[in-house]
Amino acid sequence: MFDVAIVGCGIIGAATAYELSRYDLKVALLERENDVAMGATKANSAIIHAGYDPSPGTLMAKLDVESVELAKELCGKLDIPHKQCGAMVLALSEEEIKTVEFLHKQALENGVKDTHILSKEEVLRLEPNVSENVVGALHAPTAMIVDPWEYTLALAETAVRNGVEIKFNSEVTDITATERGYEITIVATERTIEARFVINAAGLYSDDIHNMVAEPDFTVAPAKGEYWLLDKSEGTRINSVLFQCPSKAGKGVLVTPTVHGNLLVGPGNIPAGDKEDVSTTADELRYVRDTAMKSVPSIDFSAVIRSFSGNRAQTEHSDFIIREAAPRFIDLAGIKSPGLSSAPAIAKMAVEIISRDGTKLVEKAEFIDSRNRIRFNKLTPDEKAKLIENDPLYGRVICRCETVTEGEIRDALFSTIPPQSIDAVKRRTGAGMGRCQGGFCGPRILELLSTHYGIERTDVQQDRAGTFVLVSRTKEALSEEPEIQENVC
């Protein structure tokens, strides 16, 4: 029997698992997909918000502001790509200056550090490519950008190294209260596990999980946001995260650098057809493009390398839903923006709720709280040469665009939570994230996965379970394997 079962391994589930792994508890982390960060965490703006936007007194405001320093500390300890580049909310008219002043007042109420209002001249000195129509801006220097996939993976990996059991392809189909806690039924196999506590971190499906245990009192109505990801040739167009003044629809279309050196533009905000609807449309992408160019008119959208969309777990409640919904059943639900930002403090709040029940939380004498990984393309020439001398696999470049080596992919395959698909390799190493989006390295990664797991190439998946790249092998392919070209550093 587990002490705690966490349903969902997005950023909230992973952060909660990490926090619980500090204690002498038996914890299970259940994920319906074949990897971490496969829902809203996979497709968002990748921003750790400063905390000026949520209304004072809300959980959003409290937890966002509390998490800014926590997130920075976690990124440092767990080797997560991040950059404290700051953010601006642009006033593009005299009328919008009132909104900027309101947000500044709200920032002070929320306890956000170092915010101030910039003049037009100050904005253009810091961001010369911003529209000449800018009148002023709110500057929030504590805002950061982060790699949301690796953030989630790092927390989950550290939790597993500290004893948490992660179970993929484990969709929860039923939860039944028992005298000792809860019996949780997983997917069509009807296998079950028992846990004293259940933490609902199921994101878009948090209402479904809640309804298995308690009376329905919220519904997730996903809102879809579409994005443009631009090539690194556009990555230096701006220096900080640029927001337009928010409206009832949300924070609006933003323009932001990424930790990988690209430029990200989006999102829109429209109702999703369903929770799995991550389609993109020409009309919505056009809207995102045209709106973003009001902030930065010089963006070259011909440099696009990918468009994508993600769904927010919006409910009829304006705030996060964090509470004990039934005895020893904790909802961490309705976690929309700033959910990525607030994750560390949300996790601590979940642990606090468990402790209120009388559960004695004993900290482990030895807690692993560090993590490092090799990023070949960030090394100096001397460091690269030494690494290759010790292990020639680091001299075999698999992904030309991002200079990702076979040694790095090998490391991922032998890591704490190894990748099960081509896209899972991409999320761990960056292979396939560049200009050609896997056109060159994808076949080689498929081969590496096939060899490592001892499976047919037709069994290698692109991403989620069932997304097979190849459907069959011809007689010619079986009799004569093509020679694969390698790039050697």
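The values are calculated or read from the model by the stated rules, or taken from the named source; none is laboratory data. Everything quoted here is computed from the prediction, not taken from an experiment. We place every Cβ from the backbone using ideal geometry, glycine too, and count neighbours over all the protein chains shown. These area figures cover heavy atoms from the full protein model, side chains too; ligands, DNA and RNA do not enter into them. Shrake-Rupley method; radii C 1.70, N 1.55, O 1.52, S 1.80 Å.
Look at A154 and say whether it is touching a strand residue (DSSP E or B) at 6+ places or on another chain (Cβ under 6 Å), open to solvent by less than 60 Å² (accessible area, probe 1.4 Å) and not hydroxyl-bearing (S, T, Y).
no
How many of the residues making up region 188-229 are open to solvent by less than 70 Å² (accessible area, probe 1.4 Å), over 25 Å from the mean Cα position of the chain (by Cα) and among the aliphatic types (A, V, I, L, M)?
5
Take region 57-88 and flag every residue that is in contact (Cβ under 8 Å) with a residue 12 or more places away in the chain, open to solvent by 50 Å² or more (accessible area, probe 1.4 Å) and assigned to a loop (DSSP other than H, G, I, E, B). Walk me through it before giving the result.
Of the residues in region 57-88, the ones in contact (Cβ under 8 Å) with a residue 12 or more places away in the chain are 58-68, 70-72, 74-75, 77-88.
Now drop any that are not open to solvent by 50 Å² or more (accessible area, probe 1.4 Å), which leaves 62, 66, 72, 77, 82-84.
Matches in region 57-88: Q84 only.
Collect the residues in region 416-439 that are out of contact with any Gly (no Cβ under 9 Å at 6 or more places or on another chain), of a type in the set (G, A, S) and over 14 Å from T152 (Cα atoms), keeping them in residue-number order.
Answer for region 416-439, where residues must be out of contact with any Gly (no Cβ under 9 Å at 6 or more places or on another chain), of a type in the set (G, A, S) and over 14 Å from T152 (Cα atoms): S421, G430, G434.
Give the residues of region 11-23 that are outside any strand (DSSP E or B) and farther than 18 Å from I186 by Cβ, sorted by residue number.
I11, I12, A14, A15, T16, Y18, E19, L20, S21, R22 - these are the residues of region 11-23 that are outside any strand (DSSP E or B) and farther than 18 Å from I186 by Cβ.
Quick check: anything in region 124-133 open to solvent by less than 40 Å² (accessible area, probe 1.4 Å), touching a helix residue (DSSP H, G or I) at 6+ places or on another chain (Cβ under 8 Å) and not in a loop (DSSP other than H, G, I, E, B)?
No: region 124-133 contains no residue that is open to solvent by less than 40 Å² (accessible area, probe 1.4 Å), touching a helix residue (DSSP H, G or I) at 6+ places or on another chain (Cβ under 8 Å) and not in a loop (DSSP other than H, G, I, E, B).
Residue-wise test of (1) over 28 Å from the mean Cα position of the chain (by Cα); (2) aliphatic (A, V, I, L, M).
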residue	(1), (2)
I368	no, yes
N372	no, no
N377	no, no
E389	yes, no
L393	yes, yes
R396	yes, no
C399	no, no
V404	no, yes
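Six or more apart or on different chains, Cβ atoms under 8 Å: show the pairs whose first residue is in region 271-289 and touching a residue at least 12 places away in the same chain (Cβ under 8 Å) and whose second is among the acidic types (D, E).
Close Cβ pairs satisfying both conditions: T280/E226; T281/E226; E284/E226; L285/E226; V288/E226.
Inside region 454-469, can you point out the residues that are touching a residue at least 24 places away in the same chain (Cβ under 8 Å) and either assigned to a loop (DSSP other than H, G, I, E, B) or of a type in the set (F, W, Y) (or both)?
V460, Q462, D463, R464, A465, T467, V469
I'm trying to understand the selection: among the residues of region 313-371, which are β-branched (V, I, T) and farther than 30 Å from I270 by Cα?
Within region 313-371, V351, I353, I354, T359, V362, I368 qualify.
Mind listing whichever residues of region 137-169 are closer than 22 Å to Q84 by Cβ and not in a helix (DSSP H, G or I)?
Matches in region 137-169: A137, L138, H139, A140, P141, T142, A143, M144, I145, V146, D147.
Quick one: in region 284-297, of everything that is open to solvent by less than 50 Å² (accessible area, probe 1.4 Å) and of a type outside the set (V, I, T), which residue is farthest from I335 (Cα to Cα)?
For region 284-297, the residue satisfying everything is S295.
Being in contact with a Phe, Trp or Tyr (Cβ under 8 Å, 6 or more places away or on another chain) and farther than 18 Å from A43 by Cα is the filter here, so list the residues in region 296-323 that pass it.
F301, T315, E316, H317, I321, listed by residue number.
How many residues, within region 372-421, are of a type in the set (V, I, T), in contact with a Ser or Thr (Cβ under 9 Å, 6 or more places away or on another chain) and closer than 23 Å to V469 by Cβ?
Final tally of qualifying residues: 5.
Considering (1) over 18 Å from the mean Cα position of the chain (by Cα); (2) within 25 Å of A177 (Cα to Cα), say which one G334 fails and leave the rest.
(1)
So, in region 389-408, of the ones that are among the acidic types (D, E) and free of Cβ contacts under 8 Å to residues at least 24 places away in the same chain, which residue ends up most open to solvent (accessible area, probe 1.4 Å)? Steps first, please.
Filtering region 389-408 for residues among the acidic types (D, E) gives 389, 391, 402, 406, 408.
If we keep only those that are free of Cβ contacts under 8 Å to residues at least 24 places away in the same chain too, we end up with 389, 391.
Details: E389: 148, D391: 35 Å².
Filtering region 389-408 for residues that are among the acidic types (D, E) and free of Cβ contacts under 8 Å to residues at least 24 places away in the same chain, the one most open to solvent (accessible area, probe 1.4 Å) comes out as E389.
Would you mind stating whether S415 is surrounded by fewer than 13 Cβ atoms within 10 Å (Cβ to Cβ), hydroxyl-bearing (S, T, Y) and part of a loop (DSSP other than H, G, I, E, B)?
When the stated conditions are applied, S415 does not pass them.
Of the residues in region 440-464, how many are among the hydrophobic types (A, V, I, L, M, F, W, C), under 27 Å from the mean Cα position of the chain (by Cα) and either surrounded by fewer than 16 Cβ atoms within 10 Å (Cβ to Cβ) or under 15 Å from N34 (Cα atoms) (or both)? Explain how you work it out, then say what you get.
Just the residues of region 440-464 that are among the hydrophobic types (A, V, I, L, M, F, W, C), to begin with: 440-441, 445-446, 448-449, 455, 460.
If we keep only those that are under 27 Å from the mean Cα position of the chain (by Cα) as well, we get 440-441, 445-446, 448-449, 460.
Filter again for either surrounded by fewer than 16 Cβ atoms within 10 Å (Cβ to Cβ) or under 15 Å from N34 (Cα atoms) (or both), leaving 449, 460.
The qualifying residues number 2.
Consider only pairs whose beta carbons are under 7 Å apart and that are at least six residues apart or on different chains; among these, list those whose first residue lies in region 100-125 and is in contact (Cβ under 8 Å) with a residue 60 or more places away in the chain and whose second residue is part of a helix (DSSP H, G or I) and not basic (K, R).
Here the result reads G111/V65; V112/V65; T115/H104; T115/A107, each pair linking region 100-125 to a residue that is part of a helix (DSSP H, G or I) and not basic (K, R).
Could we say that A347 is open to solvent by 10 Å² or more (accessible area, probe 1.4 Å) and within 17 Å of E19 (Cα to Cα) here?
no
Going through A107, A37, A43, A91 one at a time, which residue ends up being open to solvent by less than 10 Å² (accessible area, probe 1.4 Å), among the hydrophobic types (A, V, I, L, M, F, W, C) and within 23 Å of the chain's Cα centre (by Cα)?
A37
For region 299-307, check the following and say yes or no: at least one residue is more than 23 Å from M433 (Cβ to Cβ) and in contact (Cβ under 8 Å) with a residue 24 or more places away in the chain.
No, there is no match, as no residue in region 299-307 is more than 23 Å from M433 (Cβ to Cβ) and in contact (Cβ under 8 Å) with a residue 24 or more places away in the chain.
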